[in-house]
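The next block holds one structure in the form of structure tokens; read it before the comments.
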Amino acid sequence: MIKVIKNGSILTMEHDHIIKGDIVIEDNIIKEIVDNYTGFSDEVIDADGSIVMPGLINCHTHLGMYNFRNTLDDLKLMDWLNKKIWPIENTMTGNDIKDATYLSCMEMIKTGTTCCADHYFSPFEGIEAIKKSKIRCLYTRCLMDSDSKGEERFNEFKELYTKEKDKSDLIKFSLSLHALYTCSPNYVKEASDYASEFNLPIHIHYMENEEEHNTVSSEAIKPLLSNKLILAHGVYIDDTNIFKGKDISIVHNPISNLALGCGIADIIKYTKDGVNVCIGTDGIGSAYTLNMFKELTFAYLLPKGIYKDPSIISAYEVLKMATINGAKALGFDNLGMIKKGYKADIIIVKLLNEPINNPLVALLTNDLEVLTTIVNGEVLMLNKELRIF
């Protein structure tokens, strides 16, 4: 099957400028980028007047939380979790989570996300929704042993991984601890050993707010440093020297961290210290939406205000966090760029405000519409109409 995206303004992410041309997709791979393709095609998509770019990668979210939108009620993180989220989650069925996960996938497809890292529970129901949506995902079953169900949760993950690990090219797995304050040292060690044995990344909430920073020792992360790590939030990290030479990514969740009063992660420092910084929405309950473009606006503007320096971060650097850096964080090869031989995860975006003097800045600050979303070479949405029902 050959698809051609014609006449687009292409942001390949190999560099910080736009090129004109046609993208030829054969099955699920980008075959070539040419000035004007005149060969055979099964489907032609006209992208004239739009930007064609890699799909966005949401490196930390909770897809099953779709029904928690606008539940914050101005509560701090632990009050919100203890008084609202966890009590409601205790009443949710697997089918509730399946439906919520599917709706979350629809929202991501409609807003330009083609790949995500989920971090939730009821894994057997959730994975069916992800398969149905045809989105790319680093999947898991969230683990903790702060109650009597730690072993049960771990066994559930093992069953999930054993059953599903080779079934889909779109789904990979992480071993995902909830946080160091809900996981005992022995549980952390068991997780580290299992992840090492099966070469799985570990995805964990880390130093999300000041309370966690004041109660969790910085030594607690050290048993995990031999693993590939995806650290969600990272608002209060005192010293990144312990991360040097390690395969560690920090997921910046600016809207959620602001909404919950957690603070703002210093992504400029982390980047300068050589840490891979990527972007996530967190769950819809604290992020309001799963629209990664909204997150990118905050990621672009906040450092300029914090450092009082408009040159401290560029639009290209922020877009890298949501594409190239995200692919590196989640361990997906040949993803995050429009390049020959890369997987065809592509979106077509229409900028709504003119004049468009700097398209990269416009992607982060203008009103826009995602017209078309392609994952693994399959068109999931064309001209704002979903194709996957």
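Would you be so kind as to identify which of Asn325, Phe198, Ile356 lies farthest towards the positive end of the dipole of the chain, taking Lys and Arg as +1 and Asp and Glu as -1 on Cβ and the Cα centre as origin? Positive-end residue among those listed: Ile356. Thr114 sits among other residues whose Cβ lies under 9 Å from its own Cβ, and their net charge, with Lys and Arg +1 and Asp and Glu -1, is 0. In a simple Cβ point-charge model (Lys, Arg +1; Asp, Glu -1; nothing else charged), segment 56-330 has a dipole of about 920 debye relative to its Cα centre. Given R₀ = 22 Å, what would the calculated FRET efficiency be for Asp99 paired with Asp73, taking r from the Cβ atoms and rounding to 0.05? Efficiency, from the Cβ-Cβ distance: 0.40. The calculated FRET efficiency for Lys384 paired with Asn199, based on their beta-carbon distance and R0 = 41 Å, is about 0.55.
3J(HN,Hα) along segment 164-173, derived from phi through the Karplus expression 6.51 cos²θ - 1.76 cosθ + 1.60 where θ = phi - 60°, amounts to 10, 4, 10, 8, 9, 6, 8, 10, 10, 10 Hz, with x in place of Gly and Pro. Isolated cysteines in the chain, defined as those with no second cysteine Cβ under 4.7 Å, comprise Cys105, Cys115, Cys116, Cys137, Cys142, Cys183, Cys262. Taking amide H atoms as placed 1.01 Å from N in the peptide plane, the amide H of Cys142 lies under 5 Å from those of Tyr120, Phe121, each 5 or more residues away in sequence or on another chain.
Using 20 Å as the cut-off for backbone N distance, which residues of segment 366-383 belong to the label zone defined by a point 7 Å from the Cα of Tyr288 along Cα→Cβ? Only 366-370 fall inside the zone, counting backbone N under 20 Å. Near the amide H of Ile10, within less than 5 Å, lie the amide hydrogens of Ile19, Lys20, Gly21, Val52, all on another chain or at least 5 residues away, with H placed in the peptide plane. Fewest-first ordering of Ile324, Ile19 by other beta carbons within 10 Å of each residue's beta carbon gives Ile19, Ile324.
Each of Val361, Val235, Val52 was scored by other Cβ atoms within 10 Å of its Cβ. Arranged with the fewest first, they read Val361, Val235, Val52.
With coordinates expressed along the principal axes, the C-alpha atoms belonging to segment 175-266 extend over 37, 25, 21 Å, beginning with the largest.
Going from the fewest other Cβ atoms within 10 Å to the most, the residues Thr111, Thr372, Thr93, Thr289 appear in the order Thr93, Thr289, Thr111, Thr372. In the chain, helices alone account for a calculated mean residue ellipticity at 222 nm of -9000 deg cm²/dmol, with every DSSP H run of four or more residues adding -39,500 (n - 2.57). Phi-derived couplings, Karplus 6.51 cos²θ - 1.76 cosθ + 1.60 at θ = phi - 60°, listed residue by residue for segment 22-35: 10, 10, 9, 10, 10, 6, 10, 10, 6, 7, 6, 10, 10, 5 Hz, with x used for Gly and Pro.
Helix 123-133 versus the longest principal axis of the chain: what is the Cα-based angle in degrees, 0 to 90, to the nearest 10? Compared with the principal axis, the helix lies near 10 degrees.
Each Lys or Arg adds one and each Asp or Glu subtracts one; over the other residues with Cβ under 11 Å from the Cβ of His233, this totals -3.
Compute the normalised compactness of segment 146-226: alpha-carbon radius of gyration over 2.2 N^0.38 Å, N being the residue count. It would help to have the intermediate numbers written out before the result.
Numbers: Rg = 13.7 Å, N = 81, 2.2 N^0.38 = 11.7 Å.
So segment 146-226 has a normalised radius of gyration of 1.17.
Taking H as built 1.01 Å from N, whose amide H comes closer than 5 Å to the amide H of Glu32, not counting residues under 5 places away? For Glu32, whose amide H was placed from the backbone, the distant partners under 5 Å are Val24.
Among the chymotrypsin sites (Phe, Trp or Tyr not before Pro) in segment 31-94, those located in a DSSP loop and surrounded by at most 12 other Cβ atoms within 10 Å of their own Cβ are Phe40. Relative to the 2.2 N^0.38 Å rule of thumb, segment 15-97 has a C-alpha radius of gyration ratio of 1.89.
The base-10 log of I(q)/I(0) for segment 223-351, evaluated at q = 0.20 Å⁻¹, reads -1.27 [Debye formula, identical scatterers on Cα atoms, solvent excluded]. Between the labelled values (1) 33, 24, 20; (2) 41, 22, 19; (3) 30, 26, 21, the entry that holds semi-axes √(5λ) of the Cα gyration tensor in Å as derived from this structure is (1). In a DSSP loop and with at most 14 other Cβ atoms within 10 Å, the GluC sites (Glu not before Pro) in segment 1-80 are Glu14.
Inter-part distance, segment 2-25 to segment 61-110, computed on C-alpha centroids, equals 36 Å.
A short reminder: the numbers here are calculations on the coordinates, not readings from a lab. In this text, all values refer to a predicted model and were calculated from it rather than measured experimentally. When we count neighbours, we look across all protein chains shown, and the Cβ atoms used for this are built from the backbone with ideal geometry, even at glycine.
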